[in-house]
Amino acid sequence: MYKYPLPAPSEITSPEAFRQRRALVAALGLGAAGAWPLPASATLRQKLSGVQSTSYGRGETLTSYDDITTYNNFYEFGTGKEDPSQNAGSLRTRPWTLVVDGAVRRPRQIGVEDLLRQYPLQERIYRLRCVEAWSMVIPWVGFPLRQLIDWAQPTGSARFVQFFSQDDPEQMPGLRRHVLDWPYTEGLRLDEARHPLALLAVGLYGEVLPNQDGAPIRLVVPWKYGFKSIKSIVRIRFTETQPVSSWTRANPDEYGFFSNVNPAVDHPRWSQATERRIGAGLFSARRKTLMFNGYGEEVASLYQGMDLKRDF
Ligand SMILES: Nc1nc2c(c(=O)[nH]1)N[C@H]1C(S)=C(S)[C@@H](COP(=O)(O)O)O[C@H]1N2
Ligand SMILES: [Mo]
């Protein structure tokens, strides 16, 4: 019923096809071969069907498709903001197998297409607040992570969920540089992961997720700093002990396990009190960052009794 129309591999611009097209453009005199503006990662944009609209974030001013897909953090494709849109064309997103294992009654491997047939897709507009003090408003398409967790049936001893990104250096050139301890990994407490706001996203703006935004499936946890929203997930593992995420391993003084958006806890090297909205213009006022990125009413109860300055 809910179709997930994936681009056939033949529809994705291969490096060969890109070079051929560039040669054609040059031959037709449409521009200098080196100046063709199409990024190498250009894929055909493809609409998702059967997407239910929801009231999440309705009325907010959306960040443009262009900004959402050209200003990215995805270190597997380079550390510059424009690197992912330039380089992520080499990621093969079909077929794609997701492994669900660890402390679950029903460990499995499932193809993304099959997974998507199981769950209705919803559109949800969420704010994304990066730890670098910028933010965007993104119309995601996906389904609650909780549905997949219930399907896997964690055992009574499961207390955390750990996520792993794809880590093939053939497809992800950034993996050759040891800027992080690969594969990129993140974790949530099981009750956080089961919170209704936590989303597994497969699209944005009603279309299949572009590679640079974490195709074919990525996490979105809107009350936490952007780096918790791990991209291009290949494995979800349930654990009894708290997993160590890539950013915490890289620098435990700067990035804690929880990483809830918190204007009262500064990053050691800069303030988290305000943020810059991408696309709002260079001279627009900075916004005050809200506790839990403004989702406190929904999520604050998860942290009752905790000292969020210590558990940052
Ligand atoms: N695998 C992986 N996931 C990742 C990252 C990354 O480098 N690798 N960057 C994170 C950071 S820091 C942010 S802010 C968001 C950015 O998501 P976007 O580029 O879709 O806006 O992705 C997060 N997920
Ligand atoms: Mo980020």
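Conditions (1) in a loop (DSSP other than H, G, I, E, B); (2) closer than 22 Å to Phe163 by Cα; (3) at pLDDT below 95, marked per residue:
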position: Gln242; (1), (2), (3): yes, yes, no
position: Thr248; (1), (2), (3): no, yes, no
position: Gly256; (1), (2), (3): yes, yes, no
position: Asn262; (1), (2), (3): yes, no, no
position: Val265; (1), (2), (3): yes, no, no
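Let's see how each residue does on (1) buried (at least 17 other Cβ atoms within 10 Å of the Cβ); (2) away from ligand 2 (no atom under 16 Å from the Cβ):
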| site | (1), (2) |
| --- | --- |
| Leu200 | yes, yes |
| Ile236 | yes, yes |
| Val244 | no, yes |
| Tyr255 | yes, no |
| Val261 | yes, no |
| Glu275 | yes, no |
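In the set (1) within 16 Å of ligand 2 (Cβ to nearest atom); (2) exposed (fewer than 15 other Cβ atoms within 10 Å of the Cβ); (3) of a type in the set (Gly, Ala, Ser), Ala133 fails one condition alone, (2). When segment 130-147 is limited to residues that are part of a strand (DSSP E or B) and within 9 Å of ligand 1 (Cβ to nearest atom), the one that is nearest to Asp266 (Cα to Cα) turns out to be Trp134. If you go through segment 60-78 and pick out every residue that is of a type in the set (A, V, I, L, M) and more than 8 Å from ligand 1 (Cβ to nearest atom), you end up with 1. Do you know which residues across segment 145-158 are touching a His at 6+ places or on another chain (Cβ under 9 Å) and buried (at least 19 other Cβ atoms within 10 Å of the Cβ)? If the condition is that a residue be touching a His at 6+ places or on another chain (Cβ under 9 Å) and buried (at least 19 other Cβ atoms within 10 Å of the Cβ), then Leu145 is the only one that fits. Out of all the residues in segment 277-289, which are of a type in the set (Gly, Ala, Ser) and surrounded by 13 or more Cβ atoms within 10 Å (Cβ to Cβ)? Across segment 277-289, the qualifying residues are Gly279, Ala280.
The residues of segment 94-107 that are surrounded by 14 or more Cβ atoms within 10 Å (Cβ to Cβ) and among the basic types (Lys, Arg) amount to a single one, Arg94. Restricting attention to segment 155-180, the residues that are touching a helix residue (DSSP H, G or I) at 6+ places or on another chain (Cβ under 9 Å), away from ligand 1 (no atom under 12 Å from the Cβ), under 19 Å from Val244 (Cβ atoms) and in a loop (DSSP other than H, G, I, E, B) add up to 2.
Restricting attention to segment 91-129, the residues that are part of a strand (DSSP E or B) and of a type outside the set (Lys, Arg) total 16.
Among (1) in contact (Cβ under 8 Å) with a residue 60 or more places away in the chain; (2) within 16 Å of ligand 2 (Cβ to nearest atom); (3) open to solvent by less than 10 Å² (accessible area, probe 1.4 Å); (4) among the hydrophobic types (A, V, I, L, M, F, W, C), where does Ala250 come up short? Failed condition: (3). Inside segment 210-237, can you point out the residues that are aliphatic (A, V, I, L, M), assigned to a strand (DSSP E or B) and near ligand 1 (Cβ under 9 Å from one of its atoms)? Within segment 210-237, Leu219, Val220, Ile233 meet the criteria. Restricting the search to segment 63-90, which residues are assigned to a loop (DSSP other than H, G, I, E, B) and either more than 15 Å from the chain's Cα centre (by Cα) or surrounded by fewer than 18 Cβ atoms within 10 Å (Cβ to Cβ) (or both)? Answer for segment 63-90, where residues must be assigned to a loop (DSSP other than H, G, I, E, B) and either more than 15 Å from the chain's Cα centre (by Cα) or surrounded by fewer than 18 Cβ atoms within 10 Å (Cβ to Cβ) (or both): Thr63, Ser64, Gly78, Thr79, Gly80, Lys81, Glu82. Checked against (1) touching a Ser or Thr at 6+ places or on another chain (Cβ under 8 Å); (2) over 28 Å from Thr54 (Cβ atoms); (3) within 15 Å of ligand 2 (Cβ to nearest atom), Asn87 passes all but a single condition, namely (3).
The values are calculated or read from the model by the stated rules, or taken from the named source; none is laboratory data. Treat the numbers as computed from the prediction; the structure is a model and nothing was measured. With ideal geometry, Cβ positions are generated from the backbone for all residues, glycine too; neighbour counts draw on all protein chains shown. Only protein heavy atoms, including side chains, enter the accessible area calculation; ligands, DNA and RNA are left aside. Shrake-Rupley method; radii C 1.70, N 1.55, O 1.52, S 1.80 Å.
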